[in-house]
Amino acid sequence: MNTGWHNLSKRWVTVLSLLLAGVTTYAQQVNVNNIQQDTALYNVFHSFTTADSNVISILHLGDSHVQAGYFPLTTASLLQQQLGYAGRGYIFPYNLAGTNGPEDFRWNSTVRWSSERVVDRNKSDVLGPGGIVITSQNEAPTLSFTGKPDGAMDNNFRKVQLLYDAGNTNNTVVAPDATITVTPAPFPGSPTMSMATLDFQQTSQSFQVRWEGTGTGPFHFYGAVMENGRNGVLYHSIGINGAQYQQYNEISNTLLAQMAVLKPQFVIISLGTNEAYGRLDPLAFRDEIDKAVTLIRQQNPSVNILLTTPPDCMRAIRKGVRKKVGKKKYRTIYHTAYYPNPYISMVTQQIMGYARQHGIACWNFNAVNKAQRDRFAGAWAPDHIHFNVRGYQLQGQLLYEALQQSYSHYLQQIKKNPVISNDQR
């Protein structure tokens, strides 16, 4: 036997194996952006096929990654370009509450407001569908909304639903150019909870509203829902900085209000980051996921749910080094070092494990974030927990691409087996 030829063959086999391993690794990275258990989304995918004749209500619930708006609104915009735009969905005057929010609209008021959020230690039992409420003591509170014409979203509307509690039922709602209908609010709370529906004859991007005769008691405003009268996707983005599954479960009225007011066919839940920066009990965390999913399904048994995992966030530690700067003088120079947060992996494993166990769709963004590290270079905020605008827009685009991949597979399946489509009706 020719030993040299044998050694050369072995080297070629080794090289070929390495090449194949590289191809496999690349393929895994390319294909990692997918929805696991995506057959659980077939009901909402069926509604996609009839989007030109229906309104598809989608709720994207989360924490600070969602509150800023860049991530969910990117996904929303791409879906609406494909399936039709039914309106801006849920909005809230975050700027009047003294916190950040989407930048494509602004609220103004002539009165002062205080705010409460689902993450606050001391909070009311009713916070509305947004998990946040603003309150005024004024006898005639006013609010005005203006959508930015060059914003990320189209803020044209024909109908606005205002959710509030005036403390009595003798108040009057005044809104120029609108036909106003006041009904009880469709979610639980006080007996004076109300919803004022403003119908406009023409499409508009701004409105003003005033409540008269509210008395001296507190007036609570829970946000609004805007629609334009067309079919397609109505995408509701609701996020609260610092929010966790547990907090949405503590004030279950928030989840109940979301199901009652928004009536979503599809709920995307992007939580888990904040749990990874506290005292994480994996089993307790998994139980909180189950509580939220169970409550949502009890209110809307046909809803499709997608759980997402958090980004590959880091922990920061401030280190000091003493340096001699003179004969007898020293100075401590501090710098910040970042290292992987091990609890992010634990949270990711629990979300994925729960989704597999219960047959719920899951988008493992944590794996996507790691596999596409180069694309996210320069996309992090200085804290390396949040993204900058470009990073969140990339995250939103990747979620859309994963949904589109699953939707395309669904369309292929119903071509082969039309019974699948019939089962969704």
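Per the conditions (1) buried (at least 16 other Cβ atoms within 10 Å of the Cβ); (2) on the phi < 0 side of the Ramachandran plot, the sole criterion not satisfied by Gly272 is (2). Contact map, the range 97-110: residues that are within 15 Å of Ser144 (Cβ to Cβ) paired with residues that are aromatic (Phe, Trp, Tyr) and crowded, with 17+ Cβ neighbours inside 10 Å, Cβ distance under 9 Å, separation 6+ or inter-chain. Pairs shown: Phe105/Phe145; Arg106/Phe145; Trp107/Phe92; Trp107/Tyr94; Trp107/Phe145; Asn108/Phe145.
For (1) modelled with pLDDT of 95 or more; (2) part of a helix (DSSP H, G or I), each residue gets a yes or a no:
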| residue | (1), (2) |
| --- | --- |
| Val347 | yes, yes |
| Tyr354 | yes, yes |
| Phe376 | yes, no |
| Asp383 | no, no |
| Gln393 | yes, yes |
| Gly396 | yes, yes |
| Glu401 | yes, yes |
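For the range 248-288, a residue qualifies if it is part of a loop (DSSP other than H, G, I, E, B) and under 30 Å from Asn341 (Cα atoms), and the qualifying residues are Ile251, Leu271, Gly272, Thr273, Gly278, Arg279, Leu280, Asp281.
In the range 88-105, which residue that is surrounded by fewer than 20 Cβ atoms within 10 Å (Cβ to Cβ) and modelled with pLDDT of 95 or more is farthest from Leu234 (Cα to Cα)?
Filtering the range 88-105 down to residues surrounded by fewer than 20 Cβ atoms within 10 Å (Cβ to Cβ) leaves 95, 98-100, 103-104.
Then keep just the ones that are modelled with pLDDT of 95 or more; that gives 95, 98-100.
Details: Asn95: 23, Gly98: 26, Thr99: 24, Asn100: 22 Å.
The residue in question is Gly98.
When Gly359 is tested against (1) at pLDDT 95 or above; (2) on the phi < 0 side of the Ramachandran plot; (3) over 17 Å from the mean Cα position of the chain (by Cα), only condition (2) is not met. With respect to His46, is the statement that it is farther than 18 Å from Asn364 by Cα, at pLDDT 95 or above and either surrounded by 16 or more Cβ atoms within 10 Å (Cβ to Cβ) or not hydroxyl-bearing (Ser, Thr, Tyr) (or both) true? So His46 fits the description; yes. Is there a residue in the range 332-344 that is more than 19 Å from Leu398 (Cβ to Cβ), part of a loop (DSSP other than H, G, I, E, B), within 30 Å of the chain's Cα centre (by Cα) and not β-branched (Val, Ile, Thr)? Yes, the range 332-344 contains at least one residue that is more than 19 Å from Leu398 (Cβ to Cβ), part of a loop (DSSP other than H, G, I, E, B), within 30 Å of the chain's Cα centre (by Cα) and not β-branched (Val, Ile, Thr). The set of residues in the range 286-307 that are among the β-branched types (Val, Ile, Thr) and either in contact with a Lys or Arg (Cβ under 9 Å, 6 or more places away or on another chain) or modelled with pLDDT under 95 (or both) comprises Val303, Ile305.
Of the set (1) under 30 Å from Arg210 (Cβ atoms); (2) without any contact (Cβ under 8 Å) to a residue 24 or more places away in the chain, all apply to Thr50 but (1). What about Val111, is it touching a helix residue (DSSP H, G or I) at 6+ places or on another chain (Cβ under 9 Å), β-branched (Val, Ile, Thr) and not in a strand (DSSP E or B)? Judged against the criteria, Val111 is not a match.
Among the residues of the range 114-130, those that are part of a loop (DSSP other than H, G, I, E, B) and either in contact (Cβ under 8 Å) with a residue 24 or more places away in the chain or in contact with an Asp or Glu (Cβ under 6 Å, 6 or more places away or on another chain) (or both) comprise Val118, Val119, Lys123, Ser124, Asp125, Val126, Leu127, Gly128, Pro129, Gly130.
For the range 111-124, which residues satisfy the criterion of being among the basic types (Lys, Arg) and farther than 22 Å from Gly147 by Cα?
Here is the first cut: in the range 111-124, the ones among the basic types (Lys, Arg) are 112, 117, 121, 123.
Across the range 111-124, the qualifying residues are Arg117, Arg121, Lys123.
Per this entry, Ala86 is counted among residues that are more than 30 Å from Gly215 (Cα to Cα), among the hydrophobic types (A, V, I, L, M, F, W, C) and touching a Lys or Arg at 6+ places or on another chain (Cβ under 6 Å).
The values are calculated or read from the model by the stated rules, or taken from the named source; none is laboratory data. All figures in this text were calculated on a predicted structure; none of them were measured in a lab. Because the Cβ atoms are built from the backbone with ideal geometry, glycine has one as well, and the counts that use them run over all protein chains shown.
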